1. What is the ratio of the Cα radius of gyration of the chain to 2.2 N^0.38 Å, where N is its residue count, to two decimals?
2. Under 12 Å from the Cβ of residue 69, count the other residues' Cβ atoms, weight Lys and Arg +1, Asp and Glu -1, and hand me the total.
3. What does the extension gain come out to for residue 29 and residue 96, with contour length at 0.36 nm per residue minus their alpha carbon separation?
4. Treat each spin label as a single point 7 Å out from the Cα along the C-beta direction, and report the residue 64 to residue 186 distance in nm.
5. In whole percent, what relative contact order does the chain give with Cα contacts below 8 Å and a gap of six or more residues?
6. Distance cut-off 21 Å, Cα to Cα: go down the list 44/148; 44/109; 96/154 and report the pairs above it.
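Read the figures in this text as sums done on the coordinates, not as results from a lab. Quick caveat, the model's predicted, so the values are computed rather than measured. For neighbour counting, all protein chains shown are included, and Cβ atoms are generated from backbone atoms with ideal geometry for every residue, glycine included.
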Amino acid sequence: MTTQRALLLDRDGVININHGYVHRTEDCQFIPGIFELCREASRKNYLIIIVTNQSGIARNYYPREQFHVFSRWIEHQFWLRGIIIQHTYHCPHHPKESGGFGGFCTCRKPKPGMLFKAQKDFKLDLSRSIMVGDSLSDMQCARIAGLKEAVLFKEHSTAKYVPRLAKRGKKPYYLANDLAAIAALL
Ligand SMILES: [Mg+2]
Ligand SMILES: [Zn+2]
């Protein structure tokens, strides 16, 4: 029995501006509101965990070690602001690539492998946890894993306030254009 909740964050497009396969500190621009959201989540005893697809590794755009170096730097930037990132889970695979990280896997979102790994590692109650992502695959992943809420962050969306419920098929999710305002859902 566990009651541990988590704020599960996609990385590119939620934590840092998605310039495409960002893997160097000099290319990292934090998105306004992310630290405020995480600080509020910490205050409410959510663990903060990153879950990120990193097919740039399978595509040989950067080595896996570079991803780890960059992840440690990001985690340190949060730490400097008083926020603990518990872990950064990543999927290095891509189904259309060959080589070491080519082929199908169970961790590339929308597959829920990373969420289930986090659940096991941190004894999470996923039904009380929240995912914030900027793509529909993040929303699908959250719903497949049985999360309480999924929030689609689109900085330039027409959503004037949070929360606003949007629907795609049978899977509802919140649409937000302000990261800090997502704290209202915590
Ligand atoms: Mg993203
Ligand atoms: Zn994978």
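1. Dividing the Cα radius of gyration by 2.2 N^0.38 Å gives 0.97.
2. With Lys, Arg at +1 and Asp, Glu at -1, the net is +1.
3. Length gained between residue 29 and residue 96: 21.2 nm.
4. 3.3
5. 23
6. Beyond 21 Å: 44/109; 96/154.
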